[in-house]
Amino acid sequence: PIRSFPNCMVAVVKKKLSVFGFFHRPSSFTQRGHNQKGSGIGSNNDNTDWIKKMKTARTSVLGFAMLLSSVRAFRSWAAASKRAPTTTMTHNRLVRTALASTTAAPETVTDNPFLEQEGLPKFQKIQPKDLTPAVETSLEQMKSDFESLEAKLSSEEVKYDDVLPEVEKLQFSLGYVWGIAGHLNGVKNGDELREAYEKNQPKIVQAMSSVSQSKPLYDALKAVESTLPSDSESFESSQKRRAVELSLRGMTLGGVALEGQEKERFNEIRMKLASLSTSFSNNVLDCTKGFSLTVDDASKMEDVPESAKALWANAHAMYLKSLAKEGEEVPEMNTEAGPWRITLDMPSYIAVMSHMKDREIREKVYKSFIQRASESTEDKNNIPSIYEILTLKQEMADMLGFKNYAELSLASKMAPSVEAVGELTDLIAEKALPAAEKELVELTALAREKGGEEYSAEKLEKLAPWDLTFWSERLKESKFDMTEEDTRPYFALPAVLDGMFQLIKRIFNVEIVAADGETEVWNEDVRFFKVTDVSSGKHIASFYLDPYSRPENKRGGAWMADCVGRSSAVNRDVAVAYLTCNGSPPVGDKPSLMTFREVETLFHETGHGLQHMLTEADVGDVAGINGVEWDAVELPSQFMENWCYDEETVYGFAKHWETGEPMPKEMFNKLKEQRTFGAGMMACRQLLFGQTDMELHANFDAKAGQSGEGDSIFDVHKRMAQKYTPYNMPLPEDRFLCSFSHIFAGGYSAGYYSYKWAEVMSADAFAAFEEVGLDNEEKIKEVGKKFRETVLALGGGVAPTEVYKRFRGRDPTPDALLRHNGLA
């Protein structure tokens, strides 16, 4: 995971491809919108008072200032999905739609593993060659079924059960097929699968457009909406109303009102955006895995931790094995003597930036990282794609009556306006920027004192970007007398999993047990688990865990995606999730020894998984994370991170992997003290990402920028940096935007701010447990039960503002966030 670059992108692959979804990526069509009328679905107006409170209360300003500062430094820069591995989400339940002419299905499809849909995916049997026949078969059937449904809807008086449940049923097969394809495209990427995926993607987009623009379906939903009570307290009724309202909104944003040439052009744009999104993410992946730097000089490894050297030595050994002919012997890795192979996947990259003393190596790796998929990589250049994406999104916004794409994006979120997001960002900056500048002074002073002549004022006017992480680690070590390597032996993945599962049982009354071997997996490292309700003994959910980095075929980052969603319409009552991380793999005889930041990332993604798996909603469009506003969906994930600082929780797993000895109490106390270290610079970095995203989608003229008649995308980045990170301006050759997959290949376009939006709620939610006493077992179970019954159970079936009030009895306040960050 990457926590020093955009945090947790994929955080959750909120990828349900609703037929009514609007987002441009077929693997990211998700309904996260609210009702325009504000009828209990979280309208913009519902949030105005909350924002005013945040602006006027001094503690609120500080709270939001720390919102960003609590961004943990490594988490998921998910290369595509949300997210596509995001946010950022390729996938899964996807395509609730269909229709578009397709070629005839092959003569026999009975043995196609994509179409074996009774249980879980047959990953051992699935081959890329099977994708096209499966898509064509599913599309043909869906097209026929939907035409029949449209005819019925046009000729009869309809009720709820005649509409959305029927749409869910007819789209299930295609969603299942495309969900698997999207998942494998993120975790087992290869030329053959990539080719098949790209070949079929236009068919999927066309099918989704046809359904989302169906007038008979829209009219039927409008008719059903008028029959559903708006004031019913029944959860069943609330789910149905939310699903209908969100579907209508999605169809409106999907162009249902467009006609003729305008409609045709709108669909062309959707098709092109889907293609551009996929190629963007593929370019980033290819450039990431295309770089390597082999170091064979042992002197360069001075003071580098054992874990980093082992990681690089193992990478070199694996590379040699990949080149060896059958039967050819390959030297085993040598951690101390090398050679060491450095790559740009996150565990390797972060280790270089944090621990490599040699400035030249750090500079080379840093510049290679920030120039991925840019003009320096020729056929993998994302710059033209960015301009085209921004131009097409603006054109799409124009067609739908919005001033810009940012307004279109916010139409389905909790934040009321572009201006409101900007105001809160600036309020945060007022507190975060002075703190960041003070932190930089400390880093510089330490470098001057300890770094030798090359860091003297005469030789180096200011620290370079590739110096900041290195000296930040050294400053942290000097302040807390503890290194990241000191804690690794206490965070062996098997123990961390056991401890996390104990916590989940303790607060949510569900038991998680290993079920490896009960279903097929796509890689030997993948685990499978079952979730059981303790009270009833019922098996209620399952999940796959893919924990380690595989730079040769797996996208970077960390994310949650749904494999199977809960839905009464298609008789699925056991939700199944994919939890994907890119953590440190085992080396030799050692298990995966995690950094504390990787532990937090695992807890974070599990939080997303719990909302998907513990849902009690059975209307597919609002079950789990489906239907949850984009800027509220991070609540459960960020909530779970707080438990990484709870003593009982940590001591449930923090035992030395060899001796079994518990982590020394002094070490745990230092971990808690480090929580706010570097908060100012981390906050400002996130502000920069968020406002660069918003500026590009709200005020930037892409056509003028591409032609040279106006600012370029990189000018915008620099202008935002001048405001939010003036102490660390981008290099002239900085091309970070070319790998900003969150906003160009995922669901965070004009929405990156949403990570922060949910942070006030997550801290305030955890405070409910603190208030009753974290050592008060009876009360903790009571509060945990309430959290499960509201935040985790209700999914998108109830507006997030109402869900939170049901849990807390009030709106969230920033007080807990202030306290957690030492500013109370």
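The values are calculated or read from the model by the stated rules, or taken from the named source; none is laboratory data. Small disclaimer: the values here were computed from a predicted structure and weren't measured. No Cβ is skipped: glycine too gets one built from the backbone with ideal geometry, and neighbour counts run over all protein chains shown. What goes into the accessible areas is simple: the full protein's heavy atoms, side chains included, and nothing from ligands, DNA or RNA. Shrake-Rupley method; radii C 1.70, N 1.55, O 1.52, S 1.80 Å.
Averaging the Cα positions of each part gives two centres, and for segment 554-624 and segment 422-481 these lie 35 Å apart. In the structure shown, the pairs 289/554; 272/703; 125/188; 321/364; 125/169; 590/655 are assessed against 20 Å; a Cα-Cα span above that value is assigned to 321/364; 125/169.
Backbone phi angles across segment 162-178, fed through the Karplus curve with coefficients 6.51, -1.76 and 1.60 (θ = phi - 60°), yield HN-Hα couplings of 7, 10, 4, x, 5, 5, 4, 5, 6, 9, 4, 4, 5, x, 5, 4, 6 Hz in residue order; Gly and Pro are listed as x. Residues in segment 308-325 carry Karplus couplings, in order, of 5, 4, 5, 4, 6, 5, 5, 4, 5, 4, 5, 5, 4, 5, 5, 8, 5, 7 Hz; the curve used is 6.51 cos²θ - 1.76 cosθ + 1.60 with θ = phi - 60°, and Gly or Pro positions show x. Over segment 562-706, accessible surface divided per residue gives 28 Å², non-protein components excluded, 1.4 Å probe. Of the trypsin sites (Lys or Arg not before Pro) found in segment 151-184, those in coil by DSSP whose Cβ has at most 12 other Cβ atoms within 10 Å are 159. Protection proxy ranking for 660-666, 264-270, 233-239, 463-469, using the average of other Cβ atoms within 10 Å per residue and placing the highest first: 463-469, 264-270, 233-239, 660-666. Calculated mean residue ellipticity at 222 nm for the chain: -16000 deg cm²/dmol, from DSSP H runs with n ≥ 4 weighted as -39500 (n - 2.57), summed, divided by the residue count and rounded to 500. Accessible surface for segment 386-437, divided over its residues, is 33 Å² per residue with a 1.4 Å probe.
For residue 294, the residues 5 or more places off, or on other chains, whose built amide H falls under 5 Å of its own are 342. The slack between residue 775 and residue 223, meaning 0.36 nm per residue of separation minus the straight C-alpha distance, is 193.5 nm.
Annotation: amide H of residue 413 within the under-5 Å range of 34, sequence separation 5 or more or interchain, hydrogens built in the peptide plane. The separation of segment 715-745 from segment 200-277, counted between C-alpha centres, amounts to 35 Å. Couplings 3J(HN,Hα) of segment 111-125, computed from phi: 9, 7, x, 5, 9, 8, 10, 6, x, 8, x, 8, 4, 6, 9 Hz, in residue order, whole Hz [Karplus 6.51 cos²θ - 1.76 cosθ + 1.60, θ = phi - 60°; x for Gly and Pro].
Estimate the FRET efficiency between residue 731 and residue 360 by the formula 1/(1 + (r/R0)^6), using the beta-carbon distance for r and 25 Å for R0, to the nearest 0.05. So, using R0 = 25 Å, E works out to roughly 0.95. Mark the label point 7 Å from the Cα of residue 303 along Cα→Cβ and return the residues of segment 473-498 whose backbone N is within less than 16 Å of it. What the label zone holds, given the 16 Å backbone N cut-off, is 473-486. Computed over protein heavy atoms with a 1.4 Å probe, the carbon and sulfur contribution to the accessible area of the chain reaches 48%. The candidate values were [x] 0.90; [y] 1.02; [z] 0.96; the one computed from these coordinates for Cα Rg over 2.2 N^0.38 Å carries the label [x]. When peptides 389-397, 222-230 are ranked by their average number of other Cβ atoms within 10 Å per residue, the highest-first order is 389-397, 222-230.
Annotation for segment 510-590: GluC sites (Glu not before Pro) lying in DSSP loop with at most 10 further Cβ atoms inside 10 Å of their Cβ are 524. FRET efficiency for the residue 116 to residue 332 pair, using the beta carbon distance and R₀ = 56 Å, is estimated at 0.85. A cut-off of 5 Å between modelled amide H atoms, ignoring neighbours fewer than 5 places along the same chain, links residue 382 with 374. For GluC sites (Glu not before Pro), the sites in segment 398-478 that DSSP calls loop and that have at most 13 other Cβ atoms within 10 Å are 458, 461.
Restricting attention to segment 526-638, close to 65% of DSSP beta bridges with both partner residues there are antiparallel. In the chain, the DSSP beta bridges split such that about 75 percent are antiparallel, to the nearest 5. The mean accessible area for residues of segment 771-821, using a 1.4 Å probe and ignoring ligands and nucleic acids, is 43 Å² per residue.
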